[in-house]
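See structure below.
Since every read-out is calculated from the coordinates, none of them should be taken as a lab result. If you're wondering where the values come from, they're calculated on a predicted model, not measured in any experiment. Don't worry about glycine lacking a Cβ; one is built from the backbone with ideal geometry, like all the others, and counts go over all protein chains shown.
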Amino acid sequence: MSKPEIVTRFAPSPTGFLHIGGARTALFNWLYARGRGGKMLLRIEDTDRARSTDEAIAAIVDGLKWLGLDWDGEAISQYARAERHREVVEDLLARGKAYRCYATPEELAEMREKARAEGRPPRYDGRWRDRDPSEAPQAVKPAIRLKAPTEGETAIDDHVQGRVVWQNKDLDDLILLRSDGNPTYMLAVVVDDHDMGVTHVIRGDDHLTNAARQAQIYQALGWAEPEMAHIPLIHGPDGAKLSKRHGALGVDAYRAMGYLPQAMRNYLVRLGWSHGDAEVMSSEQMLEWFDLDAIGKSAARFDFAKLENLNGIYMRQTPDADLYDALIENLDYLPDGPEFRSRLDAVKWDRIRQAMPGLKERAKNLIELLESTKFLVDDRPLSLDQKASKILDDNARKTLSEVLPVLEEAPQWDAASLEAAVKAFAETTDRKLGTIAQPLRAALTGRATSPGIFDVLVVLGREESLARIADQTA
Ligand code: GLU
């Protein structure tokens, strides 16, 4: 018999952006399923109506798409399945696996208070567990609780945490359906995972205790439990819980910082998982190598410098045409991106495309890349930055006046011909090439650094180059 298909799911609560931990969870689920020919599903856990928003759902979907993580079928709304959740509770009631609890809020508060006074964790005392329903007070709407085992233990065999055991006496009868008829999160997760055919639950280890509760619900329902993998959370570089300062930002913030999605993916996959000492890996390699058993047990540390470095590697190894596309696709997310776009026309886009080989060597991220293209887009006369102004002293401007006719007479406007012409000029006038190249660079780009100067001349074209130089001649 062939093995059953692997089905994973990513189950975000749409109460904020897709944060970095969520993105990693999604990536792990995606890699595990896709690397094994399985499915990854997306479930939006929107039962908290007060905090769930459409904007958050859109941000999550956007973030996943940007990272290149796709899912099978439509995203499923947990809230829309409330009827099914209630139906399952009815079944549990009918089979004596759940019961109605009429404890009032005052009684529950009293129980908590008593536990606190005795130094115990707050725990429902099971007062309606075996009570005759005929004793039910008319005025109180009951909650429905699971009739959880009171003896023995509940255990899960977790792919990351190993075997984790809870004593049943420490777990009270959890609520399945609130007195207002709304299913609890704990119940909804179990019913949804079961109905969606999820075989592997991969999520943050902040859900480990929930796993015990959920295991009890599975057992009461007589359903097979999925495999579990609880991933340690991401910490800051100092080992403390990840804060905004450390990088606990939405995926959109990383996009706005100019990181490439492939680099981000590569960075995320190494947060808590490794394969030998491989650092830079293609999607194919990640899919082939990723496995739950190689996820570390200790918290991963977020490291901006590493991300920046990895991104630089991806910038350089991405083919020119793809990098150009990445700039176009991400432009509106970058600071000043939309304004920049509004100043572009076909000629300027074409200059950027042509200049890409020289530009990409110098940029560690798309913001730097964008910054380095500005000279291609700015209109004459260029404004010079401080260093460029300094280069263009009287002497340099004189040099420009002399080299201008040399360029005008160049037989062809390509890098080799222009270089030959300028070199010959340097020799006959006994100048070092640098004393010509730097003023040219300052005049053509308004800066002191740029791609190779002959490439710049070609990319800007004859007319624009000559005009920019003429603007700066003495
Ligand atoms: N909705 C939960 C969260 O965003 C995830 C629950 C789960 O994966 O089981 O933390």
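The table below gives the values:
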read-out	value
Protection proxy ranking of 270-283, 354-367 - average other beta-carbon atoms within 10 Å, highest first	354-367, 270-283
Packing-based ranking, highest mean first, of 144-150, 423-429 given that Cβ atoms within 10 Å are counted	144-150, 423-429
Cβ charges +1 (Lys, Arg) and -1 (Asp, Glu), total dipole of the chain, debye	820 debye
Set of lysines with alpha-carbon distance to K97 below 24 Å, sequence-local pairs under 8 removed	K141, K147, K169
Gain in span if fully extended, A294 to D238, counting 0.36 nm per residue against the direct Cα distance	17.8 nm
P(r) tail fraction, region 111-167 - alpha-carbon pairs more than 14 Å apart, %	72 percent
Relative contact order of region 295-409, pairs being alpha-carbon contacts under 8 Å that are 6 or more residues apart, as %	28 percent
Calculated FRET efficiency for the pair H275/S401, C-beta based, R₀ 51 Å, to 0.05	0.25
Pairs beyond 21 Å (Cα-Cα), from K65/K297; K241/K297; K398/K432; K387/K423	K65/K297; K387/K423
Lys, Arg +1 and Asp, Glu -1 on Cβ, resulting dipole of region 72-116 about Cα centre, debye, nearest 20	240 debye
Value of Rg/Rh across region 327-446 [Cα atoms, Kirkwood radius]	1.02
Approximate spin-label separation D252-R95, in nm, with each point projected 7 Å along Cα-to-Cβ	4.4 nm
log₁₀ of I(q)/I(0) at q = 0.12, 0.13 Å⁻¹ - the chain, Debye sum with one point per alpha carbon	-1.05, -1.17
At R0 = 45 Å, FRET efficiency that the Cβ-Cβ distance of A437 and S282 yields, to 0.05	0.75
Order by protection proxy (mean Cβ within 10 Å, highest first), peptides 457-466, 385-394, 10-19	10-19, 457-466, 385-394
Region 119-216: relative contact order as a whole-number percent, Cα under 8 Å and 6+ apart	28 percent
Percent RCO, i.e. relative contact order, over region 20-115, from Cα pairs under 8 Å lying at least 6 residues apart	29 percent
Computed FRET value (nearest 0.05) for E5 with K169, which takes r as the C-beta separation and R₀ as 35 Å	0.35
Spacing of the two label points (7 Å from each Cα toward its C-beta) at E409 and E106, in nm	10.6 nm
Distance in nm between pseudo-label sites at D70 and T150 (7 Å out along the Cβ direction from Cα)	5.4 nm
Dipole in debye (nearest 20) - region 326-474, about Cα centre, beta carbon charges: Lys, Arg +1; Asp, Glu -1	320 debye
